[in-house]
Amino acid sequence: MNSAQEKLLFFLGYNLSVILGAQKSGIAVNVDDCARCMMGKILEVAENDLPFSHLVENSDIVLHAEGPGALHHLPWLSSFNWLTSVADSNLRKLAATVLDIEGADGKRISRALDIRLGGMAPGSLWIGFKIVLPKAEQDAALAELLISNITHLPDLCRFIEDEGINSAINESVADPAMRDAGLAALLRFAPTGKKGIHTLQILSHADKAASLSQHERVVLQESLEKPMTTLLKEGIFTGDVRQADFDKTRIHLRNVHGIGSIRCVVRAMTASKALVGKKVRVEGRYECDREGRPRLMFVERITPMQEHHQFPL
């Protein structure tokens, strides 16, 4: 039984006990009048609380948009379309990155993800989404990893401050590559204000709701272009460019000898599509996880290898 049903059950039980108590005391009670008084509260819970509880129960992540385009009764269609299309695109990008970092074929799996509408609720725009791995990829460990990274997005928001990202995030998210992927996802969710949405709340079972606005968008944009720790090491690695996010200047380097994979920030450089599927050498500074593995590299120079190794994408 969800909280809304419990609330309704308590309300009905309390009022019925009051009516029965009054009747036992010899007080005349008009049952019809009592029913009319109760009906207003029942309709309120049925129209507002029950849909919201159903939405949260059936969703991995819930988005709540506020602004002139997200009015309670007549939201703009363009605002609704923006919210659903951004959610679909962003969840697939995050899934591809998270799964790639763990050595799976993130690009292929993300394309086949079954993203379902967990429900809608009144009060501005409340929309929930549930993620289901394709049948061919029903791996419990991968599913748990993916859902965990999605449901903990609200927790990452608490590290966004006025001037940047609080360094405590490094302790909360031990893997720099996963941290970078999560913050990049928040940036894609942060509204620009152009679609009638000024604030976007994100909530999940794992964490309380957190809000993103144009201010958080600016902070994220600036922070994602620079290291979040001074504990950087110089290094040179060779691997295959498996995935590239050209808008955020990220590439994913696979088959790095002795390491596996590294997420790379290319910053001012241009990540050419011609590099995808090729072997390259990257030079720069990198962050490690708690086990000392290089996970996030800030590339200062990238060089295609003479003997390119092509592999299927």
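Remarks
- Filter result for LEU212 (touching a Phe, Trp or Tyr at 6+ places or on another chain (Cβ under 8 Å) and either modelled with pLDDT of 90 or more or basic (Lys, Arg) (or both)): yes
- Elements of type helices (runs of 4 or more DSSP H) contained in the stretch 76-151, each with 1 or more residues being assigned by TED's automatic domain parsing to the domain that holds ALA190, among the charged types (D, E, K, R) and buried (at least 16 other Cβ atoms within 10 Å of the Cβ): 77-101, 106-112
- Meets criteria (in contact with a strand residue (DSSP E or B) (Cβ under 9 Å, 6 or more places away or on another chain), at pLDDT below 85, not assigned by TED's automatic domain parsing to the domain that holds LEU125 and not charged (D, E, K, R)) for SER17: no
- Taken together, the criteria exclude ALA185 from residues that are assigned to a loop (DSSP other than H, G, I, E, B), of a type in the set (Gly, Ala, Ser) and in the same structural domain as SER89 (by TED's automatic domain parsing).
- Residue among ASP245, ASP162, ASP180 that alone is of a type in the set (Asp, Glu) and surrounded by 22 or more Cβ atoms within 10 Å (Cβ to Cβ): ASP180
Okay, residues lined up against (1) at pLDDT below 75; (2) part of a loop (DSSP other than H, G, I, E, B); (3) surrounded by 13 or more Cβ atoms within 10 Å (Cβ to Cβ); (4) not assigned by TED's automatic domain parsing to the domain that holds LEU83:
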{"position": "GLY13", "(1), (2), (3), (4)": "yes, no, no, yes"}
{"position": "MET38", "(1), (2), (3), (4)": "yes, no, yes, yes"}
{"position": "ASP49", "(1), (2), (3), (4)": "yes, no, yes, yes"}
{"position": "ALA65", "(1), (2), (3), (4)": "no, no, yes, no"}
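- Candidates SER172, SER204, SER167, filtered to the one that is in contact with an Asp or Glu (Cβ under 9 Å, 6 or more places away or on another chain), of a type in the set (S, T, N, Q) and under 30 Å from ILE259 (Cβ atoms): SER172
- Among the criteria (1) touching a strand residue (DSSP E or B) at 6+ places or on another chain (Cβ under 8 Å); (2) touching a residue at least 60 places away in the same chain (Cβ under 8 Å); (3) outside any strand (DSSP E or B), the one GLN201 does not fulfil is (3).
- Of all residues in the stretch 64-87, those that are more than 15 Å from GLN201 (Cα to Cα) have Cβ atoms under 7 Å from Cβ atoms of residues that are assigned to a strand (DSSP E or B), 6 or more apart or on another chain, in PRO75/LEU125.
The values are calculated or read from the model by the stated rules, or taken from the named source; none is laboratory data. Quick caveat, the model's predicted, so the values are computed rather than measured. Quick reminder, even Gly has a Cβ in these numbers, built from the backbone with ideal geometry, and neighbours come from all protein chains shown.
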